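The structure appears right after this line, and notes come after that.
Here, each number is a calculation from the coordinates, and none is a lab measurement. Treat the numbers as computed from the prediction; the structure is a model and nothing was measured. Using ideal geometry, Cβ is built from the backbone for each residue, glycine included, and neighbour counts are taken over all protein chains shown.
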Amino acid sequence: MATNQEIVQLQREEHAGGGELAVRDYADPAPEPFLGASELRRRSLYRAVIAEFVATLLFLYVTVATVIGHKRQDADVDDGEACGGVGFLGITWAFGGMIFLLVYCTAGVSGGHVNPAVTFGLLVARKVTLLRAALYVAAQCLGAVCGAGLVRALNSAHFARHGGGGANVVGDGYFKGSGLAAEVAGTFVLVYTVFSATDAKCSARDSHIPVLAPLPIGFAVFVVHLAIIPITGKGINPARSFGTAVVYNQPNAWHDQWIFW
């Protein structure tokens with residue numbers, strides 16, 4: 001198999017304005033096979049699926065617990081206690097910070113998707129196979145259910161009382177069309193950031209970008225939260241919306257579920 005230097009050498013092309021040769025300083029990876037049935041023989045596939053399951057479980061556990069803790073402490077303030085919750089900004093930091101950590105930890109194992117929307121985008125771009133994408137989405141959804149279920153098991157008295165830890169529904173005063181538009185825009189920002197942060201051209205121009213890729217991805221989640229939490233509770237991750245809906249299991253969470261997919 002050719003080395004990266006050999007690939008760059010093979011990608012020399014004639015400069016449009018003269019006879020000099022301009023060397024591309026990056027190498028685009030070859031498209032993945034569409035089905036990818038041969039991956040079933042690779043141990044790395046199963047390790048990656050497990051990584052996606054664990055990462056999504058941890059993401060739901062920390063973020064849903066943060067939402068419940070915030071709402072519980074706010075209720076205590078109303079009852080005369082002195083300390084409030086982490087607040088709206090604290091919740092956005094919990095979501096963005098967890099994505100940063102989880103992408104950093106799992107990028108070398110599974111690519112650090114932690115989101116069916118990201119997986120689907122990479123499938124369309126032929127960066128993952130259909131088999132891998134299907135297993136990732138299944139693992140992410142199962143991990144989300146387990147993560148939300150773990151929060152409910154440890155906070156059973158407060159889970160239902162405080163809205164299932166932020167189960168995604170369209171907010172009061174907003175139309176379903178507004179919720180759908182907010183989710184489309186927010187998901188675009190996230191997936192666009194993922195593609196930009198992991199682009200081969202970026203890594204060629206600045207060797208620090210691959211190391212820092214989890215940072216803009218986590219920050220994208222953070223800023224999107226600031227914009228659309230009041231509208232939909234902020235989904236942009238179908239597994240996160242599905243996991244909380246399954247464990248919360250209330251009609252209002254299921255009525256709007258289609259928006260987040």
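What to note about this one:
- Taking the charge dipole of the stretch 34-260 about its Cα centre, with +1 at Lys and Arg Cβ atoms and -1 at Asp and Glu Cβ atoms, the residue from Val184, Ala153, Gly171 reaching farthest to the positive side is Val184.
- Net length gained if the chain between Phe219 and Tyr46 were fully extended (0.36 nm per residue, minus Cα distance): 59.4 nm
- Qualifying lysines (Cα of each under 21 Å from Cα of Lys71; at least 8 residues distant if same chain): Lys234
- Cα gyration tensor, the stretch 34-260 - rounded (a/c under 1.5), prolate or oblate: prolate
- Compared with the direct C-alpha span, the chain from Phe188 to Phe175 gains 2.7 nm at full extension, assuming 0.36 nm per residue.
- Karplus-based coupling profile of the stretch 131-138, in residue order and whole Hz: 4, 5, 4, 5, 5, 4, 5, 4, with θ = phi - 60° in 6.51 cos²θ - 1.76 cosθ + 1.60 and x standing for Gly or Pro.
- Within-14-Å neighbourhood charge of Cys146 [Cβ basis; K, R +1; D, E -1]: +1
- Each Lys or Arg adds one and each Asp or Glu subtracts one; over the other residues with Cβ under 10 Å from the Cβ of Thr129, this totals +1.
- Hits among lysines - C-alpha to C-alpha of Lys127 under 19 Å, sequence gap 8 or more where chains match: Lys201
- Estimated FRET transfer efficiency when R0 is 22 angstrom, pair Gln250-Ala227 (beta carbons, to 0.05): 0.30
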